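Notes follow the structure.
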Amino acid sequence: MKFSRIVLIVGILFFAFGTFWQAVAPWLSLKKIPVKSLEDIAKDVPREFYMLAEDYPVEFNKYFGKADEKSFMVALKTGRDIYIADICWQCHSQCVRPVSREEIRFGRISYPSEYNNVMQLPQLLSTRRVGPDLIRESGVHSNDWHAAHFKDTRSVVPGTVMPSYAWFFDKDGHLNKKGLSVITYVQWLGSWTKPEKYVLQAVNTEAAKPESSESVKTEEVKPAVSESAKPEAAKPETGAAVKPEGGKP
Amino acid sequence: MKSEQDSIINYDLVYAHIVASIVLLAVVFLAGMLYSLQFLHLYPFPGIEFLSPGRVRTVHTNGAVYGFIVNGFTAALYWALPRLTGQRVMNEKYLGWFMFIALQGAVAATAIGILAGDSQAIPWGETPWYVDPFIVVWLLLALVQFTTPIYKLANKEPLYAANWYMIAGLVWIPMVYIMGNYVPVFFVPGIAGAAITGTWIHDAVGLYVTPIGWGLCYYFIPVILKKPVWSHALSLLGFWGLAFFYPLQGVHHYLWSPIPMYAQYAAVLSTIVLELAVVSVIVNFMMTLKGRAEALKESIPLRWIYVGIINYAITCFQCAIQVLLTTQKVIHYTDWVVGHAHLIMYGTFGFWIMGFISYLWPKVNHSETYSKALDEWAFWLLLLGMELMWVDLLAGGLIQGFTWWSLSPWMDSIRYSFPFWIGRTASGTLMSIGLCFYIYNFYKTGRKKTVSLIHAHEVGAGGGVR
Ligand code: HEM
């Protein structure tokens, strides 16, 4: 009896030590970083959300009303919940590792503080990638691309194994609340690492209206390059060049 | 003819858990095959929300653990523990049957909850929040139910190694389950949550499935071979190695993530060191077989168990390599890991359960195996399918990893994986055919009793209930 009691106690102690080192210690190390609430997140509404309201005004108005911080919070939360309910996370990771050239493929390497928010409760790092990582997904594709992709993945990316999500659309084939929310969610992922997006956009708009001689040049260049070169120029870090070519129908 | 030992076993409970385990294994196979069709563009139910492929995958993984493995282990525990200790479990008539029904209810609720979209994003913790408390209660009841005979015996004599493993597994799992299914879901977000999740994923395998599986092998192998385990000292070494190094490796599921490096280094190191403990157990089992290897020809249960042990050796060797931070650069996130998961969950623990069931099923039915030939076919088909699937997924995983690293377009990795996904479905088909043979044989063996040995059953099983 005595011996088996010792077994029990020592076993529990070992278990406690292991759990401390693997689970509690990382938590203590990271506790300094404040946890962002949904309200904190909504202070930075990505521009794709406003664009969503412009792209799909009828649907957006029906389900969310006006595009503002409040409706963003609702859409983001719903989108995250669908991401979990449809178990997208078994096919998509949310973590850019500092190895295997992932920073070239996806963008900035993941860092702890970007995960300290309620949208990562439970965390969605995941351990399997059938499709690409999504933590830098914001702005990689347009809202329309996502809508078409969710509706019929293989017509947008031939040969893909991602399922189509018919229930993101209502009977007439328009995006419903689920669809709009999921797009909001994927367009939010990583938007906080891409402030350069806004800067470059400003530069581009200025470049569009310089003096006459220059404007001729840009105009000449535009038709040839705009479609393929623009995404690259807009996001030098995300390595848009290595995105699947099928992505642009 | 009943020995005194048999009268303290409740045959009906063993019977019921075995049936549940096999039925749920068939469900697991079905879900796995279905999901693998998604990768071949052949998924038969596109556009049905309830059968969204991701949800089917989750039913597959959860069914494997909570349905097949827990039921199989519980059946084997109801048999092995009374025989090991000479004592009854705490209560069969009420607690035993309540636990049986509760477990099947929890599994069904989990599957339906996942399909309805109520899952939680924790690997193997996808059980919806409203099922979690019941599972915790179930695990606590199992703890009471199965440690009672050990406790009674411990007052009289020293324990077998098998009992230690069982106690350890039964004590650890409720704590681990509570940690994994509540803390990262409701309290700790982000990277710290990932560390806790990793610890849970690994502990579920390492602190429940592994010790109970080892413990049961330490019972069944000597019993089938009718000779003692080779070395008691090695079985102790294995136990302490497991207890010390297993809880330390959770973070190895998230290597190269932003989790603090001290946790990652500890996980890598302890994973490698754990191989020593595992090797000690494998050596012990193998040396027990020494001089009796011809028994493998006769006894299919023994063959299941030993093939499982060989698969275990392979997986663990593989594990020590794949955990290195260098290897992780390539294989993390790929099908390699899926191949590894299948070899350990089915190729090892699953095969052990198949072995236990092959051994127990004729006994609880007081009959003979219906057809030896069918049994052989089932064995070889399942074995062949399993090993093919493993090789296939490892190769596919390497190709995916290197394709990503080479910065080729993402779709290239999908295109290159295609042959391997066909291979997976093909080997899954082989396994499914094998399982059909197994189940047919199983069914026929069960039917035999009602014809010829109904009397013996009444005496035996009835005695158990009373
Ligand atoms: C007909 C046989 C089977 C087929 C076709 C099959 C297929 C699959 C597929 C397609 C996946 C998902 C892989 C991915 O996400 O890329 C999977 C995952 C998994 N399966 Fe199976 N499976 C089979 C049998 C089993 C059995 C019998 C078990 C356990 C007892 C099992 C345990 C698992 C586990 C644990 C995972 C998760 C792997 C991970 O997340 O790393 N499978 N299976």
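Scanning segment B:84-110 for residues that are more than 15 Å from B:PHE134 (Cα to Cα), surrounded by fewer than 19 Cβ atoms within 10 Å (Cβ to Cβ) and at pLDDT 90 or above gives B:TYR94, B:TRP97. Can you find a residue in segment B:30-43 that is more than 10 Å from chain A (Cβ to nearest Cβ), surrounded by 17 or more Cβ atoms within 10 Å (Cβ to Cβ), part of a helix (DSSP H, G or I) and more than 14 Å from the ligand (Cβ to nearest atom)? Looking for residues that are more than 10 Å from chain A (Cβ to nearest Cβ), surrounded by 17 or more Cβ atoms within 10 Å (Cβ to Cβ), part of a helix (DSSP H, G or I) and more than 14 Å from the ligand (Cβ to nearest atom), one finds none in segment B:30-43, hence no.
Table: residues versus (1) away from the ligand (no atom under 16 Å from the Cβ); (2) under 23 Å from B:LYS444 (Cβ atoms); (3) touching a Gly at 6+ places or on another chain (Cβ under 8 Å).
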site	(1), (2), (3)
B:GLN328	no, no, no
B:ILE331	no, no, yes
B:TRP336	no, no, yes
B:PHE351	no, yes, yes
B:LYS363	yes, yes, no
B:HIS366	yes, yes, yes
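Taking segment A:74-102 as the range and being more than 7 Å from chain B (Cβ to nearest Cβ) and over 15 Å from the mean Cα position of the chain (by Cα) as the test, the residues that pass are A:VAL74, A:GLU102. Remark: pairs (first residue in segment B:285-306, more than 23 Å from B:PRO362 (Cα to Cα); second residue not in a helix (DSSP H, G or I); Cβ separation under 6 Å; 6+ apart in sequence or on different chains) = B:MET287/B:TRP230; B:THR288/B:VAL229; B:THR288/B:TRP230. A search for C-beta distances below 8 Å between a residue of segment B:84-109 that is part of a helix (DSSP H, G or I) and any residue that is among the basic types (Lys, Arg), counting only pairs 6+ apart in sequence or on different chains, returns B:THR85/B:LYS152. Number of residues in segment B:312-355 that are open to solvent by 10 Å² or more (accessible area, probe 1.4 Å) and closer than 25 Å to B:TYR66 by Cα equals 13. Here B:GLY47 clears all of (1) free of Cβ contacts under 8 Å to residues at least 60 places away in the same chain; (2) within 15 Å of the ligand (Cβ to nearest atom); (3) open to solvent by less than 50 Å² (accessible area, probe 1.4 Å); (4) not aliphatic (A, V, I, L, M) except the condition numbered (2).
Suppose we filter A:PRO112, A:PRO163 for residues that are at the interface with another protein chain (Cβ under 8 Å from one of its Cβ atoms), surrounded by fewer than 22 Cβ atoms within 10 Å (Cβ to Cβ) and within 16 Å of the ligand (Cβ to nearest atom); which single one remains? Steps first, answer last, please.
Values: A:PRO112 fails: within 16 Å of the ligand (Cβ to nearest atom).
A:PRO163 is the lone residue from the list that is at the interface with another protein chain (Cβ under 8 Å from one of its Cβ atoms), surrounded by fewer than 22 Cβ atoms within 10 Å (Cβ to Cβ) and within 16 Å of the ligand (Cβ to nearest atom).
The values are calculated or read from the model by the stated rules, or taken from the named source; none is laboratory data. All values reported here derive from a predicted model rather than from experimental measurement. Note that we place each Cβ from the backbone using ideal geometry, even for glycine, and neighbour counts take in every protein chain shown. Quick note on the areas: whole protein, heavy atoms, side chains included, nothing else; ligands and nucleic acids left out. Shrake-Rupley method; radii C 1.70, N 1.55, O 1.52, S 1.80 Å.
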